[in-house]
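Encoded as structure tokens, the structure appears first; notes follow it.
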Amino acid sequence: MDPVDLLNAMFDAAVAAADPERCLAAHLDQVLADPPAGRVVVVGAGKAGGSMARGVETWWDLNRPGRPLEGLVVTRYGHAVPCRHIEVVEAAHPVPDAAGLAAAARLLDLARGLGADDLALFLVSGGGSSLLSLPAGGLELADKQRVTEDLLACGATIHEMNCVRKHLSASKGGRLALAAAPARLVTLAISDVPGDALDVIASGPAVADPTSLAEAREVLQRYAITPPAAVAAHLARPDSETPKPGDPRLRRAEARLVATPQQALVAAAETARLAGVTPFILGDAIEGEAREVARVHAGIASQVARRGQPVPPPCVLLSGGETTVTVTGNGEGGRNAEFLLGLAVALAERSTDCLDRISAIACDTDGIDGTCDNAGAIYLPQTLARAADAGLRAAEFLARNDGFGFFSRLDGLVMRGPTLTNVNDFRAILIEAAR
């Protein structure tokens, strides 16, 4: 198979493995095996929110035809899908806006209206932290926007970012679960975070929060972020703490993972295997600065190409997780374009004797890399030579965080549009056998 075709096929397989309509049915069979005496209300937030709502409706119309179903989910602008019973609204990501604030307030009102005989299905996926943007008491939306922008620019990990965001929110960090009590609350989650921690996915609106106010303050100090005065005051008040594991108010809240990054990598691995290429999964929870993660991946790829270890070519190195980018330049591009540009630079620095056998793809499984309209990009053996012919120096583009600019000029971007799911970054480095 042509390298470009295989790289794209593996990415498509990874995305398909996280298709909500494919993943939800088995869990709904179990959760709704014994229907509640009261209402079934669907609430949700995340980039996959619309497709998850549609998945619930598809199951419902097949298994509970004629029975009432209602609800509200919020997703990113451009990610909504038509639904019959569940209202789908859109808001901003990654920096929250007023639409997300209004949606979060409405979700909390729905949760507060539930009784002990009711069931709430909470559909959560990556992006929910920004989409549920109702600030905690005493804070303004502008306060949350400023802190979010600072955290995005400084290179904080998703665990660190969400630790802070939980403690600035009226809905995250278990507070949606508090609002829903005493109803039964079942979270159905698509994981986009390293380690699949339920309290980190969308900042855990419906699960207990093991992090603390002190940890949130430490994150801001670690990255030299000076928060607005209202945020600093809020994080200093003990009554701003989130509900913790073991809180009796959350005893009727439960959670299930319906799709994970590992499942996506396994699906991509099977696609490679069917093409006669040996897959080697490096990990589904890789974090770190995108260009540094790329340098490590380049080292492994070079070892494979030169030494046939730890796996002989033809093979593909697969990895997932969430890298970060500390923004120092004025370029465009998300973390996947930055990773791939860093990989190209690192491979070129090592040597040229095996570059003609290495290709790679790096994409966000939601179809949007950062704030650009591409999912990511593809690197090919001829990429750097074509760049040189066009007068483009990869190292200069990397220095200004301009992965998008580099690959767009070489027609190397992967354009998919919103995939309506999200299990975070997908990376594949294909090493062909020596010719």
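If one computes the Cα centroid of region 317-352 and of region 14-66, what distance in Å separates the two points?
Here the answer is 36 Å between Cα centres.
Based on the Cβ-Cβ distance from Ala395 to Asp34, what FRET efficiency comes out when R0 is 60 Å, to the nearest 0.05?
Details: r = 61 Å, r/R0 = 1.01.
Efficiency, from the Cβ-Cβ distance: 0.50.
Using the charge dipole of region 192-245 (Lys, Arg: +1 at Cβ; Asp, Glu: -1 at Cβ; taken about the Cα centre), state which of Ala197, Ala236, Thr211 has its Cα farthest towards the positive end.
Ala236
How far, in nm, would the chain grow between Gln309 and Asp247 when pulled straight, counting 0.36 nm per residue and subtracting the alpha carbon separation? Show your work: numbers first, answer last.
Details: separation 62, 0.36 × 62 = 22.32 nm, distance 4.92 nm.
Difference between extended and current length: 17.4 nm.
Using only the alpha carbon atoms of region 1-147, find the Kirkwood hydrodynamic radius as the inverse mean reciprocal pair distance, in angstroms to one decimal.
Working: mean 1/r = 0.0604 Å⁻¹.
Taking the inverse mean of 1/r over all distinct Cα pairs, region 1-147 comes out at 16.6 Å.
Using Cα positions and a limit of under 25 Å, work out the lysines in reach of Lys47, with same-chain residues fewer than 8 apart set aside.
Lys144, Lys166, Lys172
Tell me, what is the Rg over Rh of the chain, with Rh the Kirkwood radius over Cα pairs?
Numbers: Rg = 22.1 Å, Rh = 22.2 Å.
Using Cα coordinates only, the ratio equals 1.00.
Percent of Cα-Cα pairs more than 13 Å apart in region 1-60, please.
Numbers: 1225 of 1770 pairs.
Result for the distance tail: 69 percent.
With a point put 7 Å past each Cα toward its Cβ, work out how far Thr328 is from Arg106 in nm, to one decimal.
With each label placed 7 Å out from Cα toward Cβ, I get 4.4 nm.
Measure off, as a whole percent, the carbon and sulfur share of the 1.4 Å-probe accessible area of the chain, all protein chains present. Write out the running numbers ahead of the final one.
Details: 8250 of 16080 Å².
The value for the chain is 51 percent carbon and sulfur by accessible area.
Angle between the Cα long axis of helix 3-17 and the longest principal axis of the chain, 0 to 90 degrees, nearest 10?
On a 0 to 90 degree scale, this one is about 10.
Hey, can you find the accessible area per residue of region 105-252 for me, probe 1.4 Å, expressed in square angstrom?
Details: 5070 Å² over 148 residues.
Averaged over the residues of region 105-252, the accessible area is 34 Å².
Stokes-Einstein diffusion coefficient for region 178-292 at 10 °C in a medium of 1.306 mPa s, Rh from the Kirkwood formula over Cα pairs: what value in µm²/s? Mind showing how you got there, number by number?
Values: Rh = 17.4 Å.
My calculation gives 91 µm²/s for D.
Remind me, what semi-axes does region 110-265 give for its equivalent ellipsoid, largest first in whole Å, using sqrt of 5 times each Cα gyration tensor eigenvalue? Provide the component values of the computation, followed by the final result.
Working: eigenvalues 127, 73, 31 Å².
Ellipsoid half-lengths, sorted descending, are 25, 19, 13 Å.
Between Glu149 and Arg64, what is 0.36 nm times their sequence separation minus the Cα-Cα distance? Round to one decimal in nm.
Working: separation 85, 0.36 × 85 = 30.60 nm, distance 4.38 nm.
Extra length from Glu149 to Arg64 when fully extended: 26.2 nm.
Please work out the C-alpha center-to-center distance from region 109-141 to region 259-309 and express it in whole Å.
Going from one Cα centre to the other spans 36 Å.
At 0.36 nm per residue, and after removing the present C-alpha to C-alpha distance, how many nm does the segment from Ala385 to Ala197 gain when stretched out fully? Intermediate results must be reported in sequence, preceding the final value.
Numbers: separation 188, 0.36 × 188 = 67.68 nm, distance 4.21 nm.
Length gained between Ala385 and Ala197: 63.5 nm.
Rounding to the nearest 20 debye, state how big the charge dipole of the chain is about its Cα centre with +1 on each Lys and Arg Cβ and -1 on each Asp and Glu Cβ.
On the way: 40 positive and 52 negative charges, 93 e Å.
Approximately 440 debye in magnitude.
Report the calculated FRET efficiency for Glu349 and Asp5 (r = Cβ-Cβ distance, R0 = 30 Å), to the nearest 0.05. Intermediate results must be reported in sequence, preceding the final value.
On the way: r = 29 Å, r/R0 = 0.95.
The pair Glu349/Asp5 has a calculated efficiency of 0.55.
Using 1/(1 + (r/R0)^6) with R0 = 35 angstrom and r between the beta carbons of Ala229 and Asp373, what's the FRET efficiency to the nearest 0.05? Show your work: numbers first, answer last.
On the way: r = 37 Å, r/R0 = 1.05.
Step by step, r from the Cβ atoms, then E = 0.40.
The values are calculated or read from the model by the stated rules, or taken from the named source; none is laboratory data. Small disclaimer: the values here were computed from a predicted structure and weren't measured. Glycine gets a Cβ as well: all are built from the backbone with ideal geometry, and neighbour counts include every protein chain shown. All accessible areas refer to the heavy atoms of the entire protein, side chains included, with ligands and DNA or RNA removed. Shrake-Rupley method; radii C 1.70, N 1.55, O 1.52, S 1.80 Å.
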